[in-house]
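Reviewing the structure listed below.
The values are calculated or read from the model by the stated rules, or taken from the named source; none is laboratory data. Computed from a predicted structure; not experimentally measured. Every residue, glycine as well, gets a Cβ built from its backbone with ideal geometry; the counts of neighbours run over all protein chains shown. What goes into the accessible areas is simple: the full protein's heavy atoms, side chains included, and nothing from ligands, DNA or RNA. Shrake-Rupley method; radii C 1.70, N 1.55, O 1.52, S 1.80 Å.
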Amino acid sequence: MFLGEEHSKSERKTWAVIWLCAAMMVAEIVGGLLFGSIALVADGLHMSTHAGALLLAALAYTYARRHAADPRFTFGTGKLGDLAGFTSAIILAMIALLIGYESVSRLYAPVPIHFAEAIPVACLGLAVNIASAWLLSGSGHHDHGHSHGHGHSHADEHGHDETRIISTADGDVMLEVFEDGVPPRFRLRAQSGSPLMASTVSIETVRPDGARQTFAFADLGEGLESIDEIPEPHAFQANVTINGQSHMVAFEEHEHAEGKAVRDNNMRAAVVHVVADAAVSVLVIVGLILARAFGWLWMDPLAGIVGAVVIASWALGLIRDTSAVLLDMNPDRRMADNLRQTIESEGDELADLHLWRLGPGHLGAIVSVVTPTRRGEDYYRARLTRFRSLSHLTIEVRKAA
């Protein structure tokens, strides 16, 4: 309940990285003991802390999935990932402090560096981190498409139902709001029957506030396109006239949460651990190479200090974002403003609004409306259906004095 769309996929990817890290940990420790390399043993032990941090993320995914329907969790288990991310960020900050302390200590008290062992181990660690980051990120492409057996509507990437099929006496006509890299315009194309003629087609839009606009069309060769642009928002009734026949088509704009409201902080914490480790590996390799080539032994601890600062900044950002979720801060101010505008656009007053995050892409809201009309809770619930990310909505309606 209130889990992210990619929850199961993220869980599998995290466990895969854990197995990779565990295998490398065993290989490095065993190899170090067999070949007498303390550097390999040390990196193997470091890999165990890396796997431990990822284990926290994986267990959070598994527990949240298994207890998603548990009635003890009033608002589901969607926040468990944020709790795990917060804990992971605290661990990351402590690691940054330890790296910084050790690096500063070595600036004042340098220790001998075994370059022949240290550089290959650092390169091995970087390779493992790159492989882990690749596994966690996946292909980066997610299929959000949906098939519609009857072909009456298709949702675009922003969640708008922007395509309609109109059945006329002369055949089916496809109507769409086209805005792929260009200003939004209506497009009409005959799917069966005779081609359309611009002189016999017009559209009049009627918006919720009563505003009307008429659109004439021009011939594109493969279909027709409206001469004028369609103003935002794309929420209106469209009276489509084709060869003297009128067809009423409804367009409704759906709004989804964006930014921090949809971010999976558990996966983000896992990725930050891997990327931070990779960044430190790169800095260490550069520092070791320069120290070996020019005798600059101070480059190794300096690289550690820079790495500690980078990790600390990432950890603080993760702490800030996850703590905001755990403290139920407003996750999407734009949506809150649009909720208020939707309620108050017809003369009602939004007396109170609470908006918080239940899980990645899932928001909860408590709305208190004061109205001089006889409108009930069902009316306002229907008005707010376009906010698709409101997974839990409580509405209170009070009569104005």
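If only residues of segment 24-68 that are aromatic (Phe, Trp, Tyr) and modelled with pLDDT of 75 or more are counted, the one that is most open to solvent (accessible area, probe 1.4 Å) is TYR63. All of (1) at pLDDT 85 or above; (2) outside any helix (DSSP H, G or I); (3) loosely packed, with under 14 Cβ neighbours inside 10 Å; (4) not acidic (Asp, Glu) hold for VAL370 with one exception: (3).
Scanning segment 223-238 for residues that are within 19 Å of MET197 (Cβ to Cβ), open to solvent by 40 Å² or more (accessible area, probe 1.4 Å) and not acidic (Asp, Glu) yields a count of 1. Quick check on segment 387-401: of everything there that is part of a loop (DSSP other than H, G, I, E, B) and farther than 29 Å from LEU327 by Cβ, which residue is least open to solvent (accessible area, probe 1.4 Å)? Per the criteria, the residue is ALA400. Within segment 210-254, if we keep just the residues that are within 17 Å of VAL173 (Cβ to Cβ) and of a type in the set (Asp, Glu), the residue that is nearest to the chain's Cα centre (by Cα) turns out to be GLU225. For the residues GLY317, GLY259, GLY287, the requirement of being open to solvent by less than 30 Å² (accessible area, probe 1.4 Å) and modelled with pLDDT under 80 singles out GLY287.
Table: residues versus (1) in a strand (DSSP E or B); (2) under 30 Å from PHE251 (Cβ atoms); (3) open to solvent by 50 Å² or more (accessible area, probe 1.4 Å).
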{"position": "ASP328", "(1), (2), (3)": "no, no, yes"}
{"position": "PRO331", "(1), (2), (3)": "no, yes, no"}
{"position": "ARG334", "(1), (2), (3)": "no, yes, yes"}
{"position": "ARG340", "(1), (2), (3)": "no, yes, yes"}
{"position": "LEU353", "(1), (2), (3)": "yes, yes, no"}
{"position": "ARG357", "(1), (2), (3)": "yes, yes, no"}
{"position": "GLY364", "(1), (2), (3)": "yes, yes, no"}
{"position": "ARG375", "(1), (2), (3)": "no, yes, yes"}
{"position": "THR385", "(1), (2), (3)": "no, yes, yes"}
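Between ALA279, ALA308, which is touching a residue at least 40 places away in the same chain (Cβ under 8 Å), of a type in the set (Gly, Ala, Ser), closer than 18 Å to ILE95 by Cβ and part of a helix (DSSP H, G or I)?
Working: ALA279 fails: touching a residue at least 40 places away in the same chain (Cβ under 8 Å).
Answer to the selection: ALA308.
Counting the residues of segment 326-378 that are closer than 30 Å to TYR61 by Cα, without any contact (Cβ under 8 Å) to a residue 60 or more places away in the chain and among the hydrophobic types (A, V, I, L, M, F, W, C) gives 7.
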